[in-house]
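The values are calculated or read from the model by the stated rules, or taken from the named source; none is laboratory data. These figures come from a predicted structure and were not determined experimentally. Glycine also receives a Cβ, built like all others from the backbone with ideal geometry; neighbour counts cover every protein chain displayed. With ligands, DNA and RNA removed, areas are computed over all heavy atoms of the protein, side chains included. Shrake-Rupley method; radii C 1.70, N 1.55, O 1.52, S 1.80 Å.
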Amino acid sequence: MSSARRLSASGKAAALVLAIMGLVVIVGPLLLPGSYSLPSPLTYAAPSTAHPCGTDLNGRDLLLRIMEGGRISLLVGLCGAAISLFIGTAYGLVAGSSGAGTDNAMMRAVDILYSVPRLIFILVFINAFNERLQLAASHHGWDWLVGSSRLVILILSLGIIEWLTMARIVRGQTLTLRERSYVAAARVLGVGYWTILLRHILPNLAGIILVYLTLAIPSVIIDEAFLSFLGLGVQAPQSSWGSLLAEGAASINPLKGAWGLILFPALALLTTLLALYSLGDAMRRKIGAKGD
Amino acid sequence: MLRRLASLPVVLVCVVTITFFLIRLSPGGPFDSERKLPAAIEKQLLAKYKLDGPIVTQYTSYLKDLLHGDLRLSTKYRNRSVNEILAQTLPVTLTLGVTALLIAITIGIWLGAFAAARPGTLAEFGALAVMLLAISLPSFVLGPLLILIFSIKLAWLPVGGWGTPAQLLLPSLTLALPYAAVIARLLHDSLRETLLEDFVRTARAKGLSERVVVYRHALRVAILPVVSYLGPLTANLLTGSIVVETIFHIPGAGGFFVNSILNRDGFLLGGVVIVYCVLLMLFNLLVDLSYRFLDRRIRA
């Protein structure tokens, strides 16, 4: 194994940063005192040893809120990317393995979707279906869904819009893979269409799918933060990095020194995105794939 | 090309249909509030805004109005038509968007070419690091940070508002920088590859200066991926301007879009979506044309 085949140092560092971020976000809130999540008279406090990131406008500890928001942001990122991976892979496989006519039509559709404002449709979609889902959930007595119906819809809809790049890449790879001699051999032996796709082509796509999964997660996280920033994504009492940033931006003014409310959520988001992009880049170099 | 032109109306009808049914089929009408309106008044309101009758009739009559260029009335901003609201706000959004587009292209091409012309140096590494950082700074992070630094700490630029060039500077930078970085990376990757090609070696062998080789010969070929990125880029800029308008309190169409969702203001929402889509499709057509012009090898 040559050194070029191994993950670069920056890739390893990025993976480490992500692991730490994940751990802090999951374990961190359990280590802080329970009173930190409650409103207190200590509002807009500057960072101190008791509150490393200061407190927000209701006197809640900002570090705790950032960690809890991180749970939501990362959860949405992972689940949304997983859904987009599923759709994109399926779409790309079918397009790449069907004839030129179907392939052309399917890829033309992807081109069109690329250049419509998808997030805008998704906003309309989320608001159209959120109440409906909430009604259905309370009707059937699914209490867990009533509180987080918006989160579920958010994850689903972000997965629905972020699959385009994955579909393009998978389709391109499928086109080359299906000309390989082992696929031809399988076809000659009478192996069925779906078996060839799932047994012979899909396993060879695993590497490139993993790379683009790493790059899809930050896109979904950014989309989620975008929606939450506008107040149309995650809703209180839940929060995400996007909604924390929105709160921070709303409390900017020259009189109060509440700069921490923007700076710390921004740093959390920036670190995560930077690490994910670096990891994706490093993995792409490792498998020698070209960017699109 | 003709086929592409013919597909425009089809896509547009799809957009209109999806938007209309998403809005109309969501529970809760535009006139639902804490206090229930008397039935007679609600009926009159629905009739005035053409929201009565079976959904299919509503849909066909909406299509008919759209064909006449009538985007109908806003249900929230009473007595104002969607056409009126868009006529006032769209120029603002477009000014912001076009400025950001120009900034993104200028900075992106310059930075990308700068990095690619210096392979293996510290300068290239630094430029790539800057690009990665800028890509990871979406506008809703960058905007508040820029305000914090330039408007509040240094007090060089206004915090928000609209009308003066100084008020345009921060918002358009906020909107443009992440995409400038994307363009720079695209150009860097493609220029690095192009610089290895035979015609570049020939140009160098002729004794042309490195400047001429990179900017005159190689850039013309390497720019193609950037040109095809312009379509998605404008879609992103238009979406991104919603958030930038919110951050900097700019009276553009984006703010009305967000409010129309919250207020269930269906026709305003539909109007913004439709106008955005038409703009994007026209722009994409333009991009396609210029792509063909730039690369004569593409025939379709």
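General observations
- The distance from the alpha carbon centre of the stretch A:82-135 to that of the stretch A:157-203 is 18 Å, rounded to a whole number.
- Mean Kyte hydropathy of -1.0 or more with a Cα span along the axis of at least 15 Å, helices from DSSP in chain B: B:2-24, B:55-67, B:82-116, B:122-135, B:165-194, B:224-247, B:266-294
- Mean Cβ count within 10 Å, highest first, over the residues of peptides B:271-283, A:203-215: B:271-283, A:203-215
- Sorting A:76-89, B:173-186 by average packing, meaning the other beta carbons within 10 Å per residue, from highest down gives B:173-186, A:76-89.
- Look at the stretch A:120-131: the mean tally of other chain Cβ atoms within 10 Å of its residues' Cβ atoms is 6.
- Euclidean distance of C-alpha centroids, the stretch B:177-229 and the stretch B:258-280, integer Å: 40 Å
- Helix A:100-114 and the long axis of chain A differ in direction by around 20°, with both axes built from C-alpha atoms.
- Given in Å, the Rg to one decimal and the Dmax to the nearest whole number for the Cα atoms of chain A are 22.3, 77.
- Shape of the protein assembly as shown, Cα gyration tensor, a/c cut at 1.5: rounded
- For A:HIS200, net neighbour charge (Lys/Arg +1, Asp/Glu -1) across residues whose Cβ lies under 13 Å away: +3
- Accessible area of B:LYS153 (1.4 Å probe, protein heavy atoms only, ligands and nucleic acids ignored): about 140 Å².
- Taking all protein chains together, A:SER73, A:SER219 sort by accessible area into A:SER219, A:SER73, largest first [probe 1.4 Å].
- Whole-number percent relative contact order across the stretch B:92-294, with pairs defined as alpha carbons under 8 Å at least 6 apart: 27 percent
- Counts of other chain beta carbons within 10 angstrom of each beta carbon in peptide B:256-262 average 3.
- Helical contribution to [θ] at 222 nm, DSSP H n ≥ 4, -39,500 (n - 2.57), averaged over chain B, rounded to 500: -23500 deg cm²/dmol
- Solvent accessible area, Å² - B:ARG192, 1.4 Å probe, full protein context: 90 Å²
- For the stretch B:92-294, alpha-carbon Rg and Dmax in angstrom: 19.4, 66
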